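Note sheet for the following structure.
The values are calculated or read from the model by the stated rules, or taken from the named source; none is laboratory data. This is a predicted model, so every value here is computed, not measured. When we count neighbours, we look across all protein chains shown, and the Cβ atoms used for this are built from the backbone with ideal geometry, even at glycine.
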């Protein structure tokens, strides 16, 4: 479903993403974790076509992304790290635009959208987006993606700004879509979410993937017989002796 | 006061990220540099206006009593009162809503609110920050006051004190407007109000042009003239108006000077108190969904771009100004197709390029989301080029039709549509090209393009449009009346070459430049990420 081969991105001399290889199957929730500036968003931006890769290959739904960019973009759903939308449009107008630009079936999509609005308690669509709070924007962004029922969904920190109820609904929906065969690529700093939801997880640092696998495999890589994803993450990303750092502060 | 200085210092620093020069040295701008940048063009405009006003009004230093009107005022007081009133309202309409927009639109307000700083300090810092919006009316007002003082030989002390008082009053009343608006307006409402105020300014200008039209004073019926003057004077120089206090203060009336200064200072003190009680965070009224009505469009990008365009105050002003200008001209009797076409093409070509820039800014604001859409990025950019071109072209067609009905049908107006379309298209293209040279601009700044870029756009669009249209119009005159002054002593073939062939060559050049620019844009779009 999502395949990256030796994916690399350079900004000048700086390698933001360095020979990353991914192979994510259909019906899988894949967690993509890493510290700030590790290359998570850059990787997502390359995989979704919003950033040109320096080298490497990307295949989505078994098609070469560079040769089928427009077709594949219409089948992807992307919830970016920031819910940026046209501030001078009303919520309804933004949805109209998304339905139009993705050439969705209007009636079907609208039916799903209304259901999602009820679930996420969205009742502010007649207001201008510029007047929304971060959380309101995030809910609209999430629903505008999910209403299209894309086969592949990329979510970059999707729970940021969401209230507990909305975050819970989103997590349950992602589980449901997974069971229906969708592929979900998720980045989050909330490691409990990743641990609970993801079938496989990869940890990236300084542009390179340090480890990849399910929880058991990650524990083995970190030489930890037990422990949470947080322990493994900190171990693998060489976060230093945190107790000493805190003590010094 | 120290807090205010500190907020302003870092606000200006934040707005004017200095670029290193060729030697790599970074020269920081002074705190007042942005204000000076804004006020200078306005002052230059005012200074060019001043000699014209002086020449027009120098002989009108006539007491109204001499004209049989029971009044202590002078005819000049009456004439200048419209300018003082008009520019005062213009000042308010520009300055007041911009305070609210700035206050609610700035990310810094939220940050300042959690700092140990008084709300009034934040409000005043924002107001000073927004003062650039008042630069144009202020830049026009000052030279007019100087002309008024010179003609009436006003005492320097009273002139300076009254001017300070009047400007203080205008600032205070605008601040009061800002405070009142911030109580009940959200960010979007303030932006809408700012947009309306632009309209208000233009309508006011049309009204003033109409009101002060020389035609109104040209009459053989002296009684009717006196009645008209008396009624107008009673309205315009009523004691209710602050500009009447100003005129009286200028003429040495200490009581009115004290009223002017007192009201200004009193209002400022009042605003300091009230602004401490402001929320300073835009609350938005929630409009509950009655029913979600969503249509489907076959042209989602164009519809979206159109909506965004008409909801931006600056854009709507640019869209309407070239068509409002002929209306203003028609009030002053200048409604010839030649004259209006030249002005229209000169303004609309520059605005066409700038509107393309402003529309691209909307995509940059949400970048990189537009790259996720399942369309080629060229489609997104093309819409920004075609929309202003189409709107201005349709405006020209509308003007042509109206003028044909009002005056007479001129076939040349139809012919002009071809160069008009070519120039508008090229202007939009160079706007897009210039913006895409560096699409990662700080779009939160008021000046999206640098001064150099704006000048470049202005020069290119205006020179091409002016040269082509002036020459073509001269050619039409040449065909009608034969060779005239500069062409009298040269062979007729050169007249044809200069007046017809040269603009055609320029148009062909523009077409070639457009093809080149399109290729440049294509390559820039490939690397826009």
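Condition check: part of a helix (DSSP H, G or I) and either at the interface with another protein chain (Cβ under 9 Å from one of its Cβ atoms) or more than 21 Å from the chain's Cα centre (by Cα) (or both). Does residue A:135 satisfy that? For residue A:135, the condition - part of a helix (DSSP H, G or I) and either at the interface with another protein chain (Cβ under 9 Å from one of its Cβ atoms) or more than 21 Å from the chain's Cα centre (by Cα) (or both) - is not met. Restricting segment B:312-337 to residues that are in a helix (DSSP H, G or I) and within 14 Å of chain A (Cβ to nearest Cβ) leaves a set whose member that is modelled with the lowest pLDDT is B:313. Out of the residues in segment A:57-74 that are crowded, with 17+ Cβ neighbours inside 10 Å and touching a strand residue (DSSP E or B) at 6+ places or on another chain (Cβ under 8 Å), state the one that is nearest to residue A:206 (Cα to Cα). Per the stated criteria, the residue is A:58. Here residue A:96 fits the description: modelled with pLDDT under 95, closer than 22 Å to residue B:359 by Cβ and crowded, with 22+ Cβ neighbours inside 10 Å.
Being in contact (Cβ under 8 Å) with a residue 40 or more places away in the chain, more than 25 Å from the chain's Cα centre (by Cα) and more than 14 Å from chain A (Cβ to nearest Cβ) is a property that holds for residue B:422. Does segment B:223-242 contain any residue that is at pLDDT 80 or above, part of a helix (DSSP H, G or I) and under 25 Å from residue B:128 (Cα atoms)? Yes, that holds for at least one residue. From the list B:345, B:402, the one residue that fits, being assigned to a helix (DSSP H, G or I), away from chain A (no Cβ under 14 Å) and surrounded by fewer than 18 Cβ atoms within 10 Å (Cβ to Cβ), is B:402. Looking only at segment B:372-390, decide whether some residue is assigned by TED's automatic domain parsing to the domain that holds residue B:344, part of a helix (DSSP H, G or I) and touching a strand residue (DSSP E or B) at 6+ places or on another chain (Cβ under 9 Å). Scanning segment B:372-390 turns up at least one residue that is assigned by TED's automatic domain parsing to the domain that holds residue B:344, part of a helix (DSSP H, G or I) and touching a strand residue (DSSP E or B) at 6+ places or on another chain (Cβ under 9 Å).
The condition (being in contact with a helix residue (DSSP H, G or I) (Cβ under 7 Å, 6 or more places away or on another chain) and either farther than 21 Å from residue B:517 by Cα or within 10 Å of chain A (Cβ to nearest Cβ) (or both)) is satisfied by just one residue among B:371, B:365: B:371. Of the listed requirements (1) out of contact with any helix residue (DSSP H, G or I) (no Cβ under 6 Å at 6 or more places or on another chain); (2) modelled with pLDDT under 85, residue B:505 misses just one: (2).
Checked against the criteria, residue A:105 does not count as facing chain B (nearest Cβ under 7 Å) and surrounded by fewer than 21 Cβ atoms within 10 Å (Cβ to Cβ).
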